[in-house]
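Step one of this worksheet: look at the structure below.
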Amino acid sequence: MRFPLRCLILLSALLVFRPTCAAQEIRVAAAADLKFALDELGTHYEKQTGRKMDVSYGSSGNFLAQIQNGAPFDVFLSADIEYPRKLEAAGLAEPGTLYEYALGRIVIWMPADTRIDLAQLGWKALLDPSIQKIAIGNPEHAPYGRAAVAALRSVGIYEQVRAKLVYGENIAQAAQFVASGNAQAGILALSLAISPPMREGKRWEIPAKMHPPIEQAAVILKSAKDKDSARAFLTFLKSGEARKILESYGFSVPASAQTQ
């Protein structure tokens, strides 16, 4: 059994880049793990403010490079706090707007019809001979990919599974690989693993102590055309309502965010 075509289309949609935006829209570059959470956040933001969001999803590292080269975004929602910090240091971000909005979590994910008892085996499931490919985000520019490699090294099986690893351009593409059957397992963002297209699969959460924290942060860009709308979105992102939405999609809210 494989996932229905409609589910794969949903996952494929994560990779669509939509540069066109109309008036009163803020242009958001967002890490791919945020797809489903940000869809809901955007709906609530629009109801509250009357402003719309035009969101492009991809890997945080690629967005960093695009922004450094003049890509026309107003807000950057990164899966790695270091990227907004780099933009801030380079004078490409509005001073004082960097905000850590979430801590990401990773899981091992397999299709529902796998014969492997993932809940019982945990890490050992990846060593099963039937697992020929393991999808992760490209660790060169995808924070979730770096976290996956760090966790594999921490548990001591990286060298055993290294030849099995296949890299998605971002964590959404890695999820697409395993959902489509092109990989038998994936180390994915919890936010995608519990999303409608994938929630029926098997998952095992990787302990946070096994990898560096996935600190996710937002920043308003210096080049933002509508800074008022961008600030309105950042204010909404700091609200209790937004925090509850993020938590419902598997994100942890850092203590610093709870006090703002």
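The values are calculated or read from the model by the stated rules, or taken from the named source; none is laboratory data. Note that the structure is a prediction, hence the values are computed from the model and not measured. Backbone-built Cβ (ideal geometry, glycine too); neighbour counts: all protein chains shown.
On the stretch given as region 153-184, residues that are touching a Leu at 6+ places or on another chain (Cβ under 8 Å), closer than 17 Å to ARG203 by Cα and either outside the structural domain of LEU121 (by TED's automatic domain parsing) or not β-branched (Val, Ile, Thr) (or both) total 6. Of the residues making up region 90-100, those that are assigned to a loop (DSSP other than H, G, I, E, B), in contact (Cβ under 8 Å) with a residue 40 or more places away in the chain and not polar (S, T, N, Q) number 4. Just one of the listed residues (ALA119, ALA71, ALA37) is surrounded by fewer than 22 Cβ atoms within 10 Å (Cβ to Cβ), among the aliphatic types (A, V, I, L, M), part of a helix (DSSP H, G or I) and modelled with pLDDT of 95 or more, and it is ALA119. Of the numbered criteria (1) under 18 Å from TYR249 (Cα atoms); (2) in contact with a Lys or Arg (Cβ under 6 Å, 6 or more places away or on another chain), the one ALA189 fails is (2).
If I filter region 239-258 for residues that are surrounded by 17 or more Cβ atoms within 10 Å (Cβ to Cβ), out of contact with any helix residue (DSSP H, G or I) (no Cβ under 9 Å at 6 or more places or on another chain) and assigned to a loop (DSSP other than H, G, I, E, B), do I get at least one hit? Yes, region 239-258 contains a residue that is surrounded by 17 or more Cβ atoms within 10 Å (Cβ to Cβ), out of contact with any helix residue (DSSP H, G or I) (no Cβ under 9 Å at 6 or more places or on another chain) and assigned to a loop (DSSP other than H, G, I, E, B).
Within region 26-50, the set of residues being charged (D, E, K, R) and within 20 Å of LEU188 (Cβ to Cβ) comprises ASP33, LYS35, ASP39, GLU40. Whether any residue in region 102-112 is buried (at least 17 other Cβ atoms within 10 Å of the Cβ) and either polar (S, T, N, Q) or out of contact with any strand residue (DSSP E or B) (no Cβ under 8 Å at 6 or more places or on another chain) (or both) is what I want to check. No, there is no match, as no residue in region 102-112 is buried (at least 17 other Cβ atoms within 10 Å of the Cβ) and either polar (S, T, N, Q) or out of contact with any strand residue (DSSP E or B) (no Cβ under 8 Å at 6 or more places or on another chain) (or both).
Counting just the residues of region 27-53 that are in contact with a Pro (Cβ under 8 Å, 6 or more places away or on another chain) and not small (Gly, Ala, Ser), which one comes out nearest to ASP74 (Cα to Cα)? Ranking the qualifying residues of region 27-53, first place goes to ARG27.
Here's the yes/no breakdown for (1) part of a loop (DSSP other than H, G, I, E, B); (2) not acidic (Asp, Glu):
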position	(1), (2)
MET53	no, yes
GLU88	no, no
TRP123	no, yes
PRO139	yes, yes
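Within region 166-192, the set of residues being of a type in the set (Gly, Ala, Ser) and either buried (at least 21 other Cβ atoms within 10 Å of the Cβ) or closer than 17 Å to PHE63 by Cβ (or both) comprises GLY168, ALA172, ALA174, ALA175, ALA179, ALA183, ALA185, GLY186, ALA189, SER191. ALA183 satisfies every condition listed in (1) assigned to a strand (DSSP E or B); (2) within 17 Å of ASP113 (Cβ to Cβ) except (1). Which one is surrounded by the most Cβ atoms within 10 Å (Cβ to Cβ) among residues in region 55-68 that are among the hydroxyl-bearing types (Ser, Thr, Tyr) and assigned to a strand (DSSP E or B)? Out of the qualifying residues, it is TYR57. Take the conditions (1) in the same structural domain as GLY145 (by TED's automatic domain parsing); (2) under 19 Å from SER78 (Cβ atoms); ARG199 misses just one of them, which is (2). The requirement of being part of a helix (DSSP H, G or I) and either over 30 Å from GLY70 (Cβ atoms) or modelled with pLDDT under 95 (or both) is fulfilled somewhere in region 210-223, by at least one residue.
Within region 101-113, the set of residues being in a strand (DSSP E or B) and more than 14 Å from the chain's Cα centre (by Cα) comprises ILE108, TRP109, MET110.
On the basis of being touching a residue at least 24 places away in the same chain (Cβ under 8 Å), acidic (Asp, Glu) and touching a Lys or Arg at 6+ places or on another chain (Cβ under 9 Å), does ASP74 make the cut? First the steps, then the outcome.
Details: touching a residue at least 24 places away in the same chain (Cβ under 8 Å): yes; acidic (Asp, Glu): yes; touching a Lys or Arg at 6+ places or on another chain (Cβ under 9 Å): yes.
Spelling it out, ASP74 is indeed touching a residue at least 24 places away in the same chain (Cβ under 8 Å), acidic (Asp, Glu) and touching a Lys or Arg at 6+ places or on another chain (Cβ under 9 Å).
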